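Structure first, commentary second.
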Amino acid sequence: MNEPIDHEKLKRLISDITRRHNIKSAVHQAPTHSLSDILDLRSITKLRQLGRALQVKYYGKLAKPELISKIVDLISQPDGLIPLLNNLDKPAWQFFQTAAAENEHVVDSLYPELYLMAQLTGLMQSFYHNGNIIFIVPDEIKKSFDALKAVGYIEEKDFRDDVVDMAIAAVNLYGVISQEDFVSLFNSYHERQTDEDEVFSILISQVYAQIGFSFWDDYIVDDSFEEDDFKGVRHLLRDRRGKPRYNPPFDEFIKYADWNYFEDTPQLEALRLALGKHIANPDEVLDLVEELYDAFRAEWGMQEYMDLLSDHGVVFDDMNQVKAMLQLLVDAKNNTRLWQNHGHTPRELASRGRSKIIPFPGTQQQQAVKVGRNELCPCGSGKKYKNCCGKTT
């Protein structure tokens, strides 16, 4: 049986691994603050990769000094800096601002996603010197960034990030939303208003950043729909036709900008507590609950849920325990926000007469789990049904 994880020990382990990665990705010397000097520390191969990304003309033919000069001229100008800053997600953008405000920003350890994009594009560089991890924003970048701040770029960047976060939240909660509806939703939450042209120009620049959404026709959609050439979008729109969209308060809505977020309902808590009686490791219980939540949203059948429980080693003593677990699964599913319900739960729409909740499986489910007297019992005991739960029926 797995022992519960010591979270403090795990945090120290993650910090140690992260620090080692930080040191490996840093330049091992005293920091330098000149963009030209920092770029000169890179190989010609790395510089040509950067030149290609920045669309420097003849990047593959230029000698190293000439290529460095071209890159410096490009990204040390406000117009050249803006696209690079726009590509930073909100956490990386916040870290860049922190580092740019200091001559040398020293950290003990730092998650790589907070700086790797900025370092790759020349916006900053990490150094490892005298046992310290030091982040430098080159002087030329700072000067250009100060010019951008003077004309309101920070506010503009924050607005762009709000648009992106809301797009992520929308496709996470609804799966699909029309651009027109998205603009209406955004404007209902924000003082600064926008329109479809502005939203499209902001979001299209993020589609290739593996951010989780894409476009189909006039819709912003979860990028998982790309797997079947967007056929699922048509099915989803058909299945939820006539159902109202769930419009939560902004503080609740924006939580869905985190792809890992889901509403922790009382029904899910009850399911978690029940699973804790079958699985000793609380972290494994949490993982299973997350898997079940994804299964609810994917419209799995009840037998598939039971198979998933069996895969995690959940064993039932008798049919009463099976029925109790089935009821918990039904209750949790009926209170899960679904794409096909436009973000509503089945129970919410049932109260409006717009949808049906999932009934308790009853006799039909009992037949499904009673596969046969000589087959394995669905309770997970490993015994034949006739020698297990079949004795009680």
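The values are calculated or read from the model by the stated rules, or taken from the named source; none is laboratory data. No experiment lies behind these values; they were computed from the predicted model shown. All Cβ positions, glycine included, derive from the backbone under ideal geometry; neighbour counts span all protein chains shown. The accessibility values were calculated without ligands, DNA or RNA, using every heavy atom of the protein model including side chains. Shrake-Rupley method; radii C 1.70, N 1.55, O 1.52, S 1.80 Å.
Output the residues belonging to region 267-315 that are of a type in the set (Phe, Trp, Tyr) and touching a Lys or Arg at 6+ places or on another chain (Cβ under 7 Å).
If the condition is that a residue be of a type in the set (Phe, Trp, Tyr) and touching a Lys or Arg at 6+ places or on another chain (Cβ under 7 Å), then 296 is the only one that fits.
Using beta carbons and a limit of 6 Å, which pairs, at least six apart or on different chains, have the first residue in region 70-86 and in contact (Cβ under 8 Å) with a residue 24 or more places away in the chain and farther than 10 Å from residue 144 by Cα and the second one polar (S, T, N, Q) and open to solvent by less than 60 Å² (accessible area, probe 1.4 Å)?
72/36; 84/121
Among the listed residues 221, 176, which satisfies the condition of being open to solvent by less than 10 Å² (accessible area, probe 1.4 Å) and over 30 Å from residue 84 (Cβ atoms)?
176
Which of the residues that make up region 251-269 are part of a helix (DSSP H, G or I), touching a helix residue (DSSP H, G or I) at 6+ places or on another chain (Cβ under 8 Å) and open to solvent by 40 Å² or more (accessible area, probe 1.4 Å)?
Within region 251-269, 254, 255, 267 qualify.
For the subset of region 290-331 comprising residues that are in a helix (DSSP H, G or I), aromatic (Phe, Trp, Tyr) and out of contact with any Phe, Trp or Tyr (no Cβ under 8 Å at 6 or more places or on another chain), which member is surrounded by the most Cβ atoms within 10 Å (Cβ to Cβ)?
Ranking the qualifying residues of region 290-331, first place goes to 296.
Do we find that residue 9 is under 21 Å from residue 106 (Cα atoms), among the basic types (Lys, Arg) and in a helix (DSSP H, G or I) in this structure?
No; evaluated as a whole, the condition is false for this residue.
Please enumerate the residues belonging to region 226-244 that are touching a residue at least 40 places away in the same chain (Cβ under 8 Å) and touching a helix residue (DSSP H, G or I) at 6+ places or on another chain (Cβ under 7 Å).
Across region 226-244, the qualifying residues are 233, 236, 239, 240, 243.
Going by the structure shown, is residue 23 within 25 Å of residue 111 (Cα to Cα), free of Cβ contacts under 8 Å to residues at least 40 places away in the same chain, of a type in the set (A, V, I, L, M, F, W, C) and in a helix (DSSP H, G or I)?
no
Within region 60-69, work out how many residues are under 22 Å from residue 144 (Cβ atoms) and either touching a residue at least 60 places away in the same chain (Cβ under 8 Å) or surrounded by fewer than 19 Cβ atoms within 10 Å (Cβ to Cβ) (or both).
Selection size over region 60-69: 3.
Look at residue 53 and say whether it is more than 30 Å from the chain's Cα centre (by Cα), open to solvent by 30 Å² or more (accessible area, probe 1.4 Å) and not aromatic (Phe, Trp, Tyr).
For residue 53, the condition - more than 30 Å from the chain's Cα centre (by Cα), open to solvent by 30 Å² or more (accessible area, probe 1.4 Å) and not aromatic (Phe, Trp, Tyr) - is not met.
Since residue 86 meets every condition but one in (1) crowded, with 17+ Cβ neighbours inside 10 Å; (2) over 23 Å from residue 21 (Cα atoms); (3) over 23 Å from the mean Cα position of the chain (by Cα), which condition does it not meet?
The number of the failed condition is (3).
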